[in-house]
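A short worksheet on the structure shown next.
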Amino acid sequence: MEPARIIGVLGAGTMGSGIAQLACRSGARTLLHDPFPEALSRGVERARGGLEKEAARGRLTADEARAAAGRLEVAADLEAFRPCELVIEAAPELPELKRELYARLSEIVSGECVLATNTSSLPVTGIAAGASNPERVVGMHFFNPAPLMALVEVIAGLRSSEAALALADATGLAMGKTVIRATDGPGFLVNRCNRPFGLEALRLLGERVADVPTLDRIVRLGGGFRMGPFELSDLVGVDTGFDVARSFYELSFGEPRWRPSPIQAQRVAAGLHGRKTGRGYYDYSGDGPHRPPDPEPPPRDGDARVQGSGPVADALRALAPGGGGPEIVVEGLGGTVDGEPFYALVPLALVEVTGDAGERAFEGLGLHTARVAPSAVGVLPRIICQVINECAFALGEGVGSAQDIDAGMTLGMNYPRGPLAWADALGQEHVAATLGALWEEYREERYRLAPVLRRSAA
């Protein structure tokens with residue numbers, strides 16, 4: 001399938017202008033429309049300015065940037081979309097508005113023109129109901145900022161045709177993106193699989209396992225993430241995250257894994273919406289950074305006797321070849337030091353400790369430590385194993401392939417590694433045991449094991 005050569009972009013905000021930049025850069029004649037003239041003018045300037053920045057950074061030559069800018073045209077009204085082979089809609093997330101737009105577009109464009117919505121949260125099937133031919137409606141979910149993020153999700157609505165999906169795939173590839181496929185449903189593939197990242201952190205905060213800075217530090221240093229869940233929430237907007245959480249819960253008719261947190265509701269009610277209001281989980285009112293920089297790991301000047309098997313035990317043994325010092329007993333993704341529980345994941349960079357003995361032992365091996373309250377499975381094992389579990393549910397329900405899940409999470413959510421590949425590294429039996437311990441602790445449907453993961457671990 002050849003990519004679309006004439007592309008219309010409906011909506012000239014941040015996402016729409018970014019998509020228009022990608023479209024004209026791909027070689028397509030690109031028509032950008034917005035019903036508000038000032039927004040349209042700003043969108044065209046933003047897209048052309050983005051091309052100039054790409055040339056300045058060496059991603060495009062000056063000639064390529066000028067040629068791409070020349071392919072970007074202002075569409076004064078929807079009628080200008082008549083010759084388009086693909087129209088990508090980036091309008092506000094209002095279902096009725098989108099359905100009205102698709103009804104109007106159906107009267108203008110040809111019967112072969114594919115209509116794609118950039119929605120990140122609304123069901124594609126519902127939006128497609130506004131079109132005269134729902135078979136030609138698909139989702140094309142670009143990640144923000146669209147010109148920089150390497151991923152696009154192509155979403156199949158209930159009635160989307162394979163031809164329409166293939167055109168969207170080909171166009172995404174022509175834009176230089178990695179394209180993954182997802183079926184229609186709450187959050188599609190990537191946003192759905194990432195749900196536990198924030199929700200489990202909120203649950204851990206509510207249970208006083210650790211405070212906000214400690215939870216974020218564990219995720220950054222122990223998991224290799226660029227940001228902890230609370231930093232990310234402040235960046236996106238606590239209110240925005242809460243709206244998304246409520247939408248997931250409502251669209252799923254009350255799926256326990258996706259239940260919103262009362263902590264989110266309280267923060268929103270207090271007006272603590274994150275960076276945009278100057279305060280969320282962190283205070284941004286001062287001139288300095290919202291948190292101190294992460295420290296370097298401590299010097300490695302100790303040894304230990306490591307008992308147990310599995311990836312965590314093997315990683316610790318590699319750091320303590322002498323076999324002297326305190327005894328560390330490893331069981332799965334944790335264990336004890338002198339009777340004190342600890343929790344860890346591989347690759348091993350930080351260990352969650354519950355007392356002085358663990359702190360001394362692991363810092364002596366050159367590892368970061370973080371103090372947490374004793375709990376069923378600790379912080380990072382709980383968050384990551386719940387993410388793996390959600391990915392396994394999505395895989396089993398046919399929302400996406402294993403390859404697309406891992407690609408989506410690394411490219412769309414900046415995970416340091418794909419969750420399903422991480423499960424293999426941890427040992428699926430250890431992941432299943434961790435989730436089983438959560439089930440035993442809470443007896444909540446939130447912690448039920450995905451059937452795919454149960455069978456694979458067995």
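Values for this structure:
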read-out: In the range 270-293, the residues that are touching a residue at least 40 places away in the same chain (Cβ under 8 Å) and touching a Leu at 6+ places or on another chain (Cβ under 7 Å); value: Gly274, Arg275, Gly280
read-out: Residue selected from the range 188-220 under the condition of a type in the set (Val, Ile, Thr) and within 18 Å of Ala376 (Cα to Cα), by the criterion surrounded by the most Cβ atoms within 10 Å (Cβ to Cβ); value: Ile218
read-out: Total residues in the range 160-187, condition surrounded by fewer than 18 Cβ atoms within 10 Å (Cβ to Cβ), over 17 Å from the mean Cα position of the chain (by Cα) and not in a helix (DSSP H, G or I); value: 2
read-out: Evaluation of Pro292 against (1) farther than 29 Å from Arg443 by Cα; (2) modelled with pLDDT of 95 or more (one fails), failing number; value: (2)
read-out: Close pairs from the range 317-332: first open to solvent by 50 Å² or more (accessible area, probe 1.4 Å), partner of a type in the set (S, T, N, Q), Cβ under 8 Å, at least 6 apart; value: Glu327/Gln307
read-out: Filtered residues of the range 235-262 (kept if in a loop (DSSP other than H, G, I, E, B) and among the polar types (S, T, N, Q)); value: Ser252, Ser261
read-out: Residue tally, condition open to solvent by 20 Å² or more (accessible area, probe 1.4 Å) and part of a helix (DSSP H, G or I), over the range 221-234; value: 3
read-out: Flag if Thr125 is among the polar types (S, T, N, Q), within 22 Å of Ser161 (Cβ to Cβ), open to solvent by less than 10 Å² (accessible area, probe 1.4 Å) and in contact with a helix residue (DSSP H, G or I) (Cβ under 9 Å, 6 or more places away or on another chain); value: no
read-out: Residues being open to solvent by less than 30 Å² (accessible area, probe 1.4 Å) and among the hydroxyl-bearing types (Ser, Thr, Tyr) - total across the range 257-313; value: 3
read-out: Checklist (1) open to solvent by 40 Å² or more (accessible area, probe 1.4 Å); (2) without any contact (Cβ under 8 Å) to a residue 60 or more places away in the chain; (3) in a strand (DSSP E or B) applied to Gly139, failing item; value: (1)
read-out: Filtered residues of the range 383-426 (kept if acidic (Asp, Glu), closer than 21 Å to Ala156 by Cα and open to solvent by 50 Å² or more (accessible area, probe 1.4 Å)); value: Glu397
read-out: Residue check, Glu96 acidic (Asp, Glu) and more than 28 Å from the chain's Cα centre (by Cα); value: no
read-out: Test: residue in the range 18-39 that is of a type in the set (S, T, N, Q) and either open to solvent by 40 Å² or more (accessible area, probe 1.4 Å) or more than 29 Å from Phe188 (Cα to Cα) (or both); value: no
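The values are calculated or read from the model by the stated rules, or taken from the named source; none is laboratory data. Since we're looking at a predicted model, the values are computed, not measured. Ideal geometry is used to build each Cβ from the backbone, glycine not excepted, and the neighbour counts take in all protein chains shown. SASA here: full protein model, heavy atoms, side chains in, ligands and nucleic acids out. Shrake-Rupley method; radii C 1.70, N 1.55, O 1.52, S 1.80 Å.
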